[in-house]
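*Asks:* Before I ask anything, let me first share the structure, which is written out below as structure tokens.
Just so it is clear, none of the values below were taken in a lab; they were calculated from the coordinates. All figures in this text were calculated on a predicted structure; none of them were measured in a lab.
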Amino acid sequence: MFDPVDDETALEEVLAFLSAPPEAGTADDARFGARLRQVIAASIPAAEDDDAEDAPRLSLDDDLRRRLDALARQRAEGHPFGDHPDGIGPTLGMDLGLSTPRRDP
């Protein structure tokens, strides 16, 4: 794994990678993915009833937040359960089949 960094440093690294994207499959690409997940997690807006300690540690403008979310989704296209570093899979009760219209009796 990579050396832990604070959220501000992770954001700086992500912004640097956005201007010069790493080649897919390289160590820099893996580090970019890890930092991207860290930045997104640190910037999740808190719900109204959340404690003050659950407030986001990073504040991103809406445009940057949308770009990072889209990039994270694009990077996870080959991973139907997300790009989790531990490779967790489906949970009990998940419907892995194709979506079919639901019929009410």
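*Asks:* Rounded to whole Hz and in sequence order, give me ³J(HN,Hα) for the stretch 35-42 from the Karplus expression 6.51 cos²θ - 1.76 cosθ + 1.60, θ = phi - 60°, writing x for Gly and Pro.
*Replies:* Those phi angles translate into 5, 4, 4, 5, 5, 5, 5, 6 Hz.
*Asks:* Please list, in chain and number order, the residues 5+ apart from VAL5 or on another chain whose amide H is under 5 Å from its amide H, with Hs placed from the backbone.
*Replies:* Amide H to amide H, under 5 Å and 5 or more residues apart or across chains, VAL5 pairs with nothing.
*Asks:* Figure the gain on full extension for ALA72 and ASP29 (residue separation times 0.36 nm, minus the Cα-Cα span) and round it to one decimal in nm.
*Replies:* Working: separation 43, 0.36 × 43 = 15.48 nm, distance 1.23 nm.
Here the segment from ALA72 to ASP29 would lengthen by 14.2 nm.
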